[in-house]
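One structure is given below, encoded as structure tokens.
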Amino acid sequence: MKLLVTGGAGFIGSAVVRQLLANTGHSVVNLDSLTYAGNLESIPEKYIGDRYKFEKVDVCDQSELDRVLSICQPDSIMHLAAESHVDRSIEGPSAFIHTNIVGTYTLLQAALNYWQGLSADRKSRFRFHHISTDEVYGDLEGTDDLFTEETPYAPSSPYSASKASSDHLVRAWHRTYGLPVVVTNCSNNYGPYHFPEKLIPHMILNALAGKPLPVYGDGKQIRDWLYVEDHARALIKVATEGEVGETYNIGGHNEKQNIDVVNTICELLEELAPENPNSLASGCEGGFKRLITYVKDRPGHDARYAIDAGKIQRDLGWVPEETFESGMRKTVVWYLENREWWERVLSGDYQLARIGESV
Ligand code: NAD
């Protein structure tokens, strides 16, 4: 198969691209406009060969989308391109409305035109896989409640509202025009190549630098964490085996309070980076945990998210391979061993990779 992956230079998209190239025989067209979150260095040279092509294209640009679809002739589309950071959506919602809603609409139109022109056989095998978030469901009040595929939408932030809108558009294009879509809604991801503005890498890098570890409010907000490689495995399964018109929730069965996540990072760093001047082993009183600092809560902050991932397990046989403990350990080790990747992100040098972007 040839898969068109939008947002393939981002955190989750790059994991999908790496897995498709390393573990399958499929070809990949990575379509990404390279915003601040796009980093071509997240797809190292060893993955790049005849089965990989990069196109620097904005999903809001229909004529460019038409060009790429007609030249590349993909068998399916996996749509991950989005603005994805909740704090940024609160400070400046405009880019979120533009990319997440208008961009998804534009891609749907281009995909529909393309799909209608395919042979009957290719038409029946084509999928438009829309990748979304559990944040569309809002937050959960009861401690035992879980988001299922039937939970009504109640988004809280400009980010989640824009993703909810895009989900509705995708389902409408299926119902109205017959476009064969599948939708996935996933919980919080973490793992290698995560942009340092997000909670887990932000805490790891601040701790290593001896900077404060800012925790919103009382730190008791609960998130369901999934290791990014597990999410990528689930996405490839849904894109290639998912039932048309269906939605699959994806989660890690790992509900943790934010403060527990930060404590876990500090404990792993005490074990894995004892030579760091902020560790207990190097004589620093209080060690990494002394850096934890409570800050004013985020407006509209959701209290708890938790996913029931039973349907994807039953229907497609997907279960996560990593526990929270094993995934967090792999993540901290990765950041300790891949300094060059994140130092180039922090310095802004990663954007230089854009010069050589036409791979
Ligand atoms: P990310 O911010 O790391 O990457 C987004 C990518 O999209 C970047 O490479 C960026 O350059 C590209 N992009 C942005 N605007 C674009 C545009 N207009 N045209 C083309 N490319 C554009 O995001 P991520 O964390 O990898 O998330 C990917 C998808 O998964 C998003 O749709 C997000 O809503 C969803 N999701 C994320 C999480 C999570 O925990 N990160 C959880 C569930 C779902």
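I need the calculated FRET efficiency for the pair Q116 and A154, taking r as the beta carbon distance and R₀ as 45 Å, to the nearest 0.05. The pair Q116/A154 has a calculated efficiency of 0.85. Computed 3J(HN,Hα) for the range 298-311, one whole-Hz value per residue from the Karplus formula 6.51 cos²θ - 1.76 cosθ + 1.60 where θ = phi - 60°, is 5, x, x, 4, 5, 7, 8, 10, 7, 9, 9, 9, x, 5, glycine and proline marked x. Rounded to the nearest 20 debye, the dipole magnitude of the range 74-194 is 860 debye, with +1 charges on Lys and Arg beta carbons, -1 on Asp and Glu beta carbons, and the Cα centre as origin.
Close amide H partners of S156, meaning residues 5 or more places away or on another chain with modelled amide H under 5 Å apart, are G138, A161.
Counting only Cα atoms, I'd like the Rg/Rh figure for the range 295-342, Kirkwood definition for Rh.
Details: Rg = 16.6 Å, Rh = 14.5 Å.
That ratio equals 1.15.
At q = 0.21 Å⁻¹, what base-10 log of I(q)/I(0) does the Debye formula yield for the range 262-344 when every alpha carbon is treated as an equal point scatterer in vacuo? Cα-only, vacuum Debye calculation for the range 262-344: -1.06.
Springs between alpha-carbon atoms under 10 Å, Gaussian network over the chain: tell me which of L346, L269, L235 tops the mean-square fluctuations. Answer for the Gaussian network model of the chain: L346. Dividing the alpha-carbon radius of gyration of the range 125-227 by the rule-of-thumb value 2.2 N^0.38 Å gives 1.32.
Evaluated on the range 208-313, the Kirkwood hydrodynamic radius is 16.3 Å, with distances taken between all distinct Cα atoms.
Between C284 and S94, residue separation times 0.36 nm minus the direct Cα-Cα distance comes to 64.0 nm. Compute the projected area of the convex hull of the Cα atoms of the chain, averaged over all viewing directions, and report it in nm² to one decimal place. For the Cα atoms of the chain, the hull's average projected area reads 17.3 nm².
What is the distance, in nm, between label points placed 7 Å from the Cα along the Cα-to-Cβ direction at Q257 and at L352? In this crude spin-label approximation the distance works out to 4.5 nm.
Along the range 197-202 the Karplus relation, 6.51 cos²θ - 1.76 cosθ + 1.60 evaluated at θ = phi - 60°, assigns HN-Hα couplings of 7, 7, 3, 5, x, 4 Hz to successive residues, with x for each Gly and Pro.
Can you show me the helix-derived [θ] at 222 nm for the chain, built from DSSP H runs with n ≥ 4 at -39,500 (n - 2.57) apiece and divided by the number of residues, rounded to the nearest 500. List each step's numbers first, then the result.
Details: 12 runs with 139 residues, N = 359.
-12000 deg cm²/dmol, from helical runs alone.
Give the carbon-plus-sulfur fraction of the accessible surface of the range 174-233 in %, rounded to a whole number; probe 1.4 Å, heavy atoms of protein chains only. Walk me through the numbers before you get to the answer.
Details: 950 of 1810 Å².
Of all accessible area on the range 174-233, carbon and sulfur atoms account for 53 percent.
When the Cα centres of the range 63-104 and the range 168-206 are compared, how far apart do they sit, in Å? Between the Cα centres of the range 63-104 and the range 168-206 lies a distance of 12 Å.
Quick one: if the Förster radius is 51 Å, what FRET efficiency do R67 and E275 give, using the C-beta to C-beta distance and rounding to 0.05?
On the way: r = 52 Å, r/R0 = 1.02.
With a Förster radius of 51 Å, E is 0.45.
When only the Cβ of Lys, Arg, Asp and Glu is charged (+1, +1, -1, -1), the dipole of the range 1-154 relative to its Cα centre reaches about 1060 debye.
As a test, work out the antiparallel percent of DSSP beta bridges whose residues both lie in the chain, rounded to the nearest 5.
Numbers: 3 of 40 bridges.
So the antiparallel bridges amount to about 10 percent of the total.
The dipole here belongs to the chain: it is taken about the Cα centre, uses +1 on the Cβ of Lys and Arg and -1 on the Cβ of Asp and Glu, and is about 780 debye.
Taking amide H as placed 1.01 Å from N in the peptide plane, the amide H of F147 sits under 5 Å from that of A306, I307, D308, each at least 5 places away or on another chain.
The values are calculated or read from the model by the stated rules, or taken from the named source; none is laboratory data. Source: prediction; values computed, not measured. Quick reminder, even Gly has a Cβ in these numbers, built from the backbone with ideal geometry, and neighbours come from all protein chains shown. Protein only, heavy atoms only, side chains kept; ligands, DNA and RNA dropped before computing areas. Shrake-Rupley method; radii C 1.70, N 1.55, O 1.52, S 1.80 Å.
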